[in-house]
Every structure is written in structure tokens, then in C-alpha cells.
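Taking it in order: structure first as C-alpha cells, then the write-up.
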Amino acid sequence: MQVAGKWALVTGASRGVGLRIAKALAAKGAKVIVHSRSVNASQHVVDEITRQQGFAVAIEAELSNPQAVASLVAQVNQLSGHSLSVLYNNAAIMTPWREDAVVPAEDYALSFQVNCIAPAALCDAFLPQMKQQGEGRIINVTSGIADQPQLMAYSCSKAALDRYVRDMLPSLAGSGVLMNLMDPGWLQTDLGGEQAPNHPDSVIPGALVPVLLADDAGSGQLYCAQDYR
């Protein structure tokens, strides 16, 4: 799919993986909506994209707040004229490390709200208009985390998002809209920590692969950014 001139929303785009994705989409001519918890946090991304002759605008929303998610949808629709072509659900939180592997309910509640429920709500909001225009790409960022019960809330929230994508497949057939998963790998980000083996820059070009797919590539696939280095 060609993204030049088309609207793209990247959540959690003020740093890390989201920042790299936003800049890469802008470099291909997309009109990028840069989301973070505050406009001020995203402004440096917008400024950098603008200096490179791209187009970007910053918006804010706290994804742990359902009302803020609804406001985010309204802002995106106003900016894009209800014509969003790319939704990149990148934003996520990591819950605290629980050494005894006893994870409190609050960890699950917060992790599921930000890492699964908010992305699903954004998919549900923008999917109908993508179907109507006969074109769209939705990418949900997942994780390869495994065998770490100390981070069970985070792991389970990502597993739930994976299931959301796979169970949505029957509704996407023949629509021109593809929904897939992207695993960025273990990165040296605020979420991944300093011990991670990969620099955040390594997600490009792999993170763009599920955006640029042809319609016949299908949905429900897992794309690993580190496979394309």
C-alpha cells in the first residue's frame, strides 16, 4: 500500500518504537498523527518531521482513561476527515516486576486497559471507516515475552491483544483492510530496559512491513521487526 498523502495515527509516538515508526511513515509521505500522553511530549517529534519536509501533528490522550480514548478518536476524525488509512497501536505500559510472581489485580486492570482495551477500542472506532473507503492497515504491537511470571499482567494483556486480532479475521475478508501484529523485539527502551540487546533504531524497516503490504497479503500474521534488519 502506498501511504503518501494518507493519514496515519501512531500511538505512543513521543519516543522509542513509536517515534521511529512515525518518522518512517512521514518520510514516505504520510500525514502522521503523533499521539502521546501530552502534546508537549510529542512536539519534538512533530518538529523533527517538519524539518525533514514531512507533515505531522501532535495530539494527547491518557489511554488508561476510556473517556480520553473516545476524545482521541474524535480528534483523529476531525483532523483526518474520517479518512484514517493507518492505525499503528504501539503505546503500551510495563507493569512492575513482582519478584514473588504474585501479581495484584491492579496490575492486571491497568495493563489490560492500556495494552489491550484501548487498542481494541481504537480498532473498533476506525475499522468501519476503513472498510467504507476500501483500504486500511491496522498494526497492533505485540511482544515475544515468555516465561516471566513476574510480569504476568503485561504478558497476559499482550496475549489478549493477539487474540483480538485473530478473532477479528472473519470480518476483514475482502474489505481491503488488513490487521496484523508486529513484534519489535527486545529493545533498549523505557519499556525494554538497558539490558536489551537491540537499539530502537533496529525496528526500521521491519516495523513498516505490515503497513506497506498488498491487499492479498492477508491479515492475522505476526511480523517480527528484527527479521528485516
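When region 82-106 is filtered for residues that are over 18 Å from Ile139 (Cα atoms) and within 21 Å of the chain's Cα centre (by Cα), the ones remaining, listed by number, are His82, Met94, Thr95. The single condition from (1) at pLDDT below 95; (2) open to solvent by 60 Å² or more (accessible area, probe 1.4 Å) that Thr189 fails is (2).
Quick test for you: out of Ala41, Ala24, pick the one residue that is out of contact with any His (no Cβ under 6 Å at 6 or more places or on another chain), under 26 Å from His199 (Cβ atoms) and open to solvent by less than 20 Å² (accessible area, probe 1.4 Å). Please lay out each step first, then the result.
Working: Ala41 fails: open to solvent by less than 20 Å² (accessible area, probe 1.4 Å).
Only one candidate qualifies: Ala24.
If the condition is being among the small types (Gly, Ala, Ser) and open to solvent by 20 Å² or more (accessible area, probe 1.4 Å), then region 104-129 contributes Ala105, Ala109, Ala121, Ala125.
Go through region 133-147 and give me each residue that's of a type outside the set (Ser, Thr, Tyr) and within 21 Å of Ala217 (Cβ to Cβ).
If we filter region 133-147 for residues that are of a type outside the set (Ser, Thr, Tyr), which is where we start, we get 133-141, 144-147.
If the condition is that a residue be of a type outside the set (Ser, Thr, Tyr) and within 21 Å of Ala217 (Cβ to Cβ), then Gln133, Gly134, Glu135, Gly136, Arg137, Ile138, Ile139, Asn140, Val141 are the ones that fit.
Screening Ser64, Ser42 for residues that are over 26 Å from Gly206 (Cα atoms) and of a type in the set (Gly, Ala, Ser) leaves exactly one candidate, Ser64. Within region 69-103, the residues that satisfy the criterion of being loosely packed, with under 15 Cβ neighbours inside 10 Å, over 24 Å from Ala27 (Cα atoms) and at pLDDT 95 or above are Ala70, Ala74.
The values are calculated or read from the model by the stated rules, or taken from the named source; none is laboratory data. What you are looking at is a predicted structure, and each value in this text was computed from that prediction instead of being measured. A quick note on method: Cβ atoms are made from the backbone with ideal geometry, for glycine too, and the neighbour counts reach across all protein chains shown. Note: areas computed on protein heavy atoms with side chains; ligands, DNA, RNA excluded. Shrake-Rupley method; radii C 1.70, N 1.55, O 1.52, S 1.80 Å.
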